[in-house]
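**Student:** Mind looking over this structure? Questions follow.
The values are calculated or read from the model by the stated rules, or taken from the named source; none is laboratory data. Note that the coordinates shown come from a computational prediction; the quantities given were computed from them, not determined experimentally. No Cβ is skipped: glycine too gets one built from the backbone with ideal geometry, and neighbour counts run over all protein chains shown.
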Amino acid sequence: MTNEELVELIQSGENVTDNMEQLYNQNHGMIYKIARRYTWGASLEDLTQEAYIILYKAAMHYDRSKGANFCTYMMIWLDGKLKRYVRQTNRIIGLPIYRQEQIYKYNTIKSIYTQKYGREPSRREYANYIGVKLEEVDKIEDIIYSTVKSLDKSIASDDEDSHTLNDIVGKECEELNNALDDAAMAEIWAIAERVLSPKQWEVIEMKYKNKCTIKNMKEKLQSSYQAINDTEYRALLRLKHNEAVQSLAESMGIPI
């Protein structure tokens, strides 16, 4: 299936999650190539995760009637948005030089471990590489991720009243959680566990079912805020477009 055909299906709301995965996979080489240009300011893992969200935005804004093929359109979006993402991520005014060096080392070792071992370093591995105590790793991460809030970035425009990812998918999941009775919620959890990947289900279960804080999730999952947020977004998007969830929500009179 061509990029343009997949985009048309995504825009129509047909099997969005699977079609997005296919669109991402068949353009992975180009996405990876563009993301690597900006590893000076963020880890490759974070860049490729952000690229997935940018790809979705590009798909929703693409207008085939204007003549450009989607690959060209996607490349322009990725290059511009990733450049802006890196600038925002590194815009930490008044940060001491020693802390900037620590952040650089943090991102470096994270990128190395992700590419070489397929995982993030442990807190102790971070601490050993950077040359700090374990508690300092938390402070460094707080600085880094205080400016990286992927679920609260606008997906439509930079207008003040534009919706965010959290407004569109997170809030709706909360409404379901609060409004449905125990039997219905049990069915929701069963559907979620069945249709989500093990990693996605773990994040959703911890946050929405067990009410874990993001700090506790980060410690238990040994993962970054950015990675957890991205996994949550993909999981909620999959649930949002699941027919069984839509049918159950409709029967309860809850828009989704």
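**Student:** Residue under question is Lys207, and the condition is that it be without any contact (Cβ under 8 Å) to a residue 40 or more places away in the chain, under 30 Å from Gln11 (Cα atoms) and assigned to a helix (DSSP H, G or I); does it hold?
**Tutor:** yes
**Student:** Output the qualifying pairs, or none if there are none: Cβ atoms under 7 angstrom, residues six or more apart or on different chains, first residue in the stretch 99-116 and assigned by TED's automatic domain parsing to the domain that holds Gln49, second residue outside any helix (DSSP H, G or I).
**Tutor:** Correct list of pairs: empty, since none qualify.
To keep it simple, each residue is scored yes or no on (1) at pLDDT 85 or above; (2) assigned to a loop (DSSP other than H, G, I, E, B); (3) farther than 19 Å from Lys218 by Cα.
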| residue | (1), (2), (3) |
| --- | --- |
| Ala51 | yes, no, yes |
| Met60 | yes, no, yes |
| Ile76 | yes, no, yes |
| Lys83 | no, no, yes |
| Gln88 | no, no, yes |
| Lys110 | no, no, no |
| Tyr129 | yes, no, yes |
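**Student:** Do we find that Asn25 is in a helix (DSSP H, G or I), surrounded by fewer than 21 Cβ atoms within 10 Å (Cβ to Cβ) and outside the structural domain of Ala235 (by TED's automatic domain parsing) in this structure? Let's see the steps before the verdict.
**Tutor:** Working: in a helix (DSSP H, G or I): yes; surrounded by fewer than 21 Cβ atoms within 10 Å (Cβ to Cβ): yes; outside the structural domain of Ala235 (by TED's automatic domain parsing): yes.
Answer is yes for this residue.
**Student:** Within the stretch 96-108, does at least one residue satisfy the condition of being β-branched (Val, Ile, Thr), loosely packed, with under 14 Cβ neighbours inside 10 Å, at pLDDT below 85 and part of a helix (DSSP H, G or I)?
**Tutor:** Yes.
**Student:** Moving on. Tell me yes or no: at least one residue of the stretch 25-48 is aromatic (Phe, Trp, Tyr) and at pLDDT below 90.
**Tutor:** yes
**Student:** Hey, another quick one. Name the residue that is surrounded by the fewest Cβ atoms within 10 Å (Cβ to Cβ), counting only residues in the stretch 6-22 that are part of a helix (DSSP H, G or I) and among the polar types (S, T, N, Q). I'd like the intermediate steps shown before the answer.
**Tutor:** First pass over the stretch 6-22, keeping only residues part of a helix (DSSP H, G or I): 6-12, 16-22.
If we keep only those that are among the polar types (S, T, N, Q) as well, we get 11-12, 17, 19, 22.
Details: Gln11: 16, Ser12: 10, Thr17: 18, Asn19: 22, Gln22: 16.
Here the answer is Ser12.
**Student:** Kindly establish whether Glu202 is at pLDDT 85 or above, in a helix (DSSP H, G or I) and not small (Gly, Ala, Ser).
**Tutor:** yes
**Student:** Of all residues in the stretch 28-40, which are outside any helix (DSSP H, G or I) and surrounded by fewer than 18 Cβ atoms within 10 Å (Cβ to Cβ)?
**Tutor:** Within the stretch 28-40, the first condition is being outside any helix (DSSP H, G or I), and the residues that meet it are 37-40.
Of everything in the stretch 28-40, those that are outside any helix (DSSP H, G or I) and surrounded by fewer than 18 Cβ atoms within 10 Å (Cβ to Cβ) turn out to be Arg37, Thr39, Trp40.
**Student:** Further question on the same structure: Search the stretch 210-244 for residues being polar (S, T, N, Q), in a helix (DSSP H, G or I) and at pLDDT below 80, and hand back the single one that is nearest to Tyr113 (Cα to Cα).
**Tutor:** It comes out as Gln226.
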